[in-house]
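The next block holds one structure in the form of structure tokens; read it before the comments.
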Amino acid sequence: MMKNDPVQITREKARAGIETVKTAEKIMLSEAENELFAHFADVLEYPGDTHSDLISKCGSLAKEAFAGSSPLLHEFADAFHELTLDESREYYSRTFDLNPVCGLDIGHHLFGEDYKRGAFLANLRETQLPYELKQEFQLPDYLPVLLRLMTKLDNDELRASLIGCCLLPALKTMKEALKKKENVYGDAIGFLESALLSIAEQSLHDQPGVENERYQYA
């Protein structure tokens, strides 16, 4: 295990009751998957002038990466194509900045106010040092930063743990909170969760000696 493994503390928490998702020991991402998640990280940032274009680009990349379109991504795209940029920014702020239950800081969803989140953040910060992740003004557990980290890691074992122990458990919590509020970002988070679940399931299917049907993302 890497000394600065950011999910070590999460594994310990998982043994106390956090539901994690089983993956193979290592997960590699295809070029199309890497590009998709890098663009999706930008979609989850505060909307800029190219926000609608980024969402459309993610739709095209999802078809390439997963050989099919996503109804969740279509719903999300349709909702934002009807909004002006100012309306999109207001909606984003109401969703994430003014609503801690649905915030984009993953550690909050994993640990709440538990002191262990501090160790999680410290380990993440050390792991992220070699990479350019557009993180200057964000905490290390900010979801877009973690998505960029996932695409840049050269350690496939650490990527598998990041997906199974950190991202998927937090995304499930976020999706449920957003759906309760009938917030269209719930579709975006739902798409991201299902795409990562597909990859996690496929990693097990590809593991020698393991038989498993690929999870079909929504």
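Brief remarks on what is shown
- When 31, 45, 82, 75 are screened for being touching a Pro at 6+ places or on another chain (Cβ under 6 Å) and modelled with pLDDT of 80 or more, only 45 passes.
- Selection from the stretch 69-85 of residues that are free of Cβ contacts under 8 Å to residues at least 12 places away in the same chain and within 21 Å of residue 198 (Cα to Cα): 69
- Extreme residue, modelled with the lowest pLDDT, among residues of the stretch 94-121 that are assigned to a helix (DSSP H, G or I) and more than 19 Å from the chain's Cα centre (by Cα): 116
- Odd one out for residue 10 among (1) buried (at least 19 other Cβ atoms within 10 Å of the Cβ); (2) in a helix (DSSP H, G or I); (3) under 17 Å from the mean Cα position of the chain (by Cα); (4) at pLDDT 80 or above: (4)
- The residue list 168, 133, 158 contains one member that is under 25 Å from residue 70 (Cα atoms), buried (at least 17 other Cβ atoms within 10 Å of the Cβ) and not basic (Lys, Arg), which is 168.
The values are calculated or read from the model by the stated rules, or taken from the named source; none is laboratory data. Keep in mind that this is a model prediction, so the values were computed, not measured. Note that we place each Cβ from the backbone using ideal geometry, even for glycine, and neighbour counts take in every protein chain shown.
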